[in-house]
1. Which of the trypsin sites (Lys or Arg not before Pro) across the stretch B:487-524 are loop residues per DSSP, with 14 or fewer other Cβ within 10 Å?
2. Could you give the dipole magnitude of chain B about its Cα centre, charging the beta-carbon of Lys and Arg +1 and that of Asp and Glu -1, in debye to the nearest 20?
3. Please compute the average number of Cβ atoms from other chains found within 10 Å of each residue's Cβ in peptide B:446-454.
4. Ranked by Cβ crowding within 10 angstrom, fewest neighbours first, how are A:Cys82, B:Cys419 ordered?
5. Considering only B:Tyr189, B:Met410, B:Ser441, whose Cα is most displaced toward the positive end of the charge dipole of the stretch B:57-445, charges sitting on Cβ of Lys, Arg (+1) and Asp, Glu (-1)?
6. Run the numbers on chain A and let me know its relative contact order in percent, using alpha-carbon pairs under 8 Å that are six or more apart.
7. Rounding to the nearest 20 debye, state how big the charge dipole of the stretch B:215-313 is about its Cα centre with +1 on each Lys and Arg Cβ and -1 on each Asp and Glu Cβ.
8. For B:Glu492, put the label point 7 Å out on the Cα→Cβ axis and report which residues of the stretch B:517-537 keep their amide N under 17 Å from it.
Amino acid sequence: MTLRVLIAKVGLDGHDRGVNVITRLLRDAGMEVIYTGLFQSPASVARSAVDEDVDVVGLSILSGAHLTLVPLVVAALRAEGCDAPVVVGGIVPDSDVAALRAAGVAAVFGPGTALTHIIETLEELHVASTH
Amino acid sequence: MEHHGERTQWREAYERSSAAHSRAATQSGLEVDPVYGVDNGEFPGVFPYTRGIHPAMYRSRLWTMRMFAGFGTAPQTNERFRQIIDAGGTGLSTAYDMPTLLGIDSDDERALGEVGRCGVAIDTIDDVADLYDGIDLGAVTTSMTINAPAAVIFAMFVANAEDHGVRREALGGTLQNDILKEYQAQHEYVFPPRPSLRLVRDTMEFATRDMPRWHPLSVSGYHIREAGSTAAQEVAFTLANGFAYVELARHAGLATDQFAPQLSFFFNAHIDFFEEIAKYRSARRLWATWMRDVYGALEERSWQLRFHAQTAGVSLTAQQPDNNHARTAIEALAAVLGGAQSLHTNSFDEAWTLPSADAARVALRTQQVIAYETNVTHVADPLGGSWYVESLTDRLFDEASGLLEEIREMGQGSMLEGCLHAIENGWFEGHIADAAYAFESAVQRGEQIIVGVNSFLDTDSAPTPVNQTDAASEWSQRDRLSRVRRERSAAEVRERLEDVRRMARDPNTNLVPALMAAARSHATVGEMMSTMAEVFGRYRAPTR
């Protein structure tokens, strides 16, 4: 079955080079990708995830606000009854990864992560979450 | 290609320059001329300025070492500014945080987690006073990297300087104020394009009339390139925006030769060394040619493309960050060989974090090594005449010219309308995204090597030390703002904002004086922006 992925930008971060590129590369890899557009709130991301019935939620964040915003998105998703694993891509220092994982993030992809690694991780997470 | 530059014309201009009697030699004592070339070829300081805008280039004046800085609260950034000046920096450039860039106050719910994070938080004129405390604004030029709320921040800056006894005529510096590229690449917009352009017009008009040392607009390709464009697209889209502003100013009744000399540009200094040098050369030739032949400018200064450059943030890698020193040095050298008037060098730690003070100092030192040790400043356009660089210059000129014609056709002869049309239908963003995708695909396939990322990997690489912005800054900024709100006269703020609203409704009024009065009443950036948004509306990007 085709993996359905929601790619989202939350907060005030307008950097969208990464999100545009990853959206296309994941589509090339055969996934169905829905992109929210910029400046979403945690609540609007959760609504899109439910409406689109996605298997994985990917958050792109390069503004440094990840420790504040990512836990809010995870909480909003769970409150809407969405159990999809959440992954984060962008500028996340190594020292912040543990805090994000504690907040319920399944994987963090820093700058320069190989696409093959991202694809494998998303597929594994999906398999794990449906079993 | 028609070449007007000739050695005799250059000689006359050179004799009038401050470097007329300068002498320079290589390290080993070989005396060198200020420029080399064939008698009937192009020369620096002579139309179309492919080889540089000054006849003696850096012999007459070194570039400004303008370091971009901002984080946390205004007092924290002020301390960094002073460190930069103490270390020999010759200009300042302010980085604002995301809420300020989007016209949102620090105590707004939407600002949570973002205050002081990517730059300095500015809410009121009190923050502006702290930001420049102890810095002589009549002596150091300051640049403000802000766009959607540019008119508001500019009004606060001018009002603050005047309140501290510096006349607006004496203020030197640059307001980025390039709203068109926000819709194309950077996405820090608030109002729709047309009312935003009215604010650009107002600041341009105000500065042209009252502030002869001020650059009210820095037409910026940097962000277009960072978003993924090619070099030719960077030149074409930036110059298209530049011509659009020229048309805007003309509609406002300003004579081209009155305001064009105050325009400046801002380009990326990326890692493809020769292409970057050729890019600056082609941009100067294009601007001069179009300004003279299409827009009918008569003054030399209107034809000359002045630019600031910044090394490419996207070229920095989080992996093996020490390698970034080499990247930044190579990119900075390209900007200098390409004839930049002003330069910011990135810090090696910026792939992860805002720069630490130590990293920012090394970045500045990199410029000083280029300026004072390498002797590359002795000769203008030292790569002019290289078959390779000249060929790249011609090809970038041709490719960018084609794109410019295409944009102008979309506007049926108007570059301004062409840019607006191409924003509305996502044309710019589509081109930029395609180029970014092509590049990343090549990296993923291993065709484009990035050292430390997809080749030459280390297994023992230590994590980069992160210069954490203090989370306490966010709370201290909120406290400061609530104090200002308590201490100001609410009635006066209301009245001044009412004036802003009234003036905003009349498109023939210049809003800057009303914004200055509101700034003096301690109205916040968010209050002024929301007041204008009630009249102007808010921009929603087209969905693609």
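Just so you know, all these numbers are worked out from the coordinates, no wet-lab data involved. Computed from a predicted model, the values in this text were never measured in an experiment. Methodologically, a virtual Cβ is constructed for each residue, glycine included, from the backbone with ideal geometry; neighbour enumeration extends over all protein chains shown.
1. Here no loop site has a sparse enough neighbourhood.
2. Charge dipole, chain B, about its Cα centre: 920 debye, nearest 20.
3. 1
4. Least crowded to most crowded, the residues run A:Cys82, B:Cys419.
5. B:Met410
6. Worked out over chain A, it gives 25 percent.
7. So the magnitude is around 120 debye.
8. Only B:517-525, B:528 fall inside the zone, counting backbone N under 17 Å.
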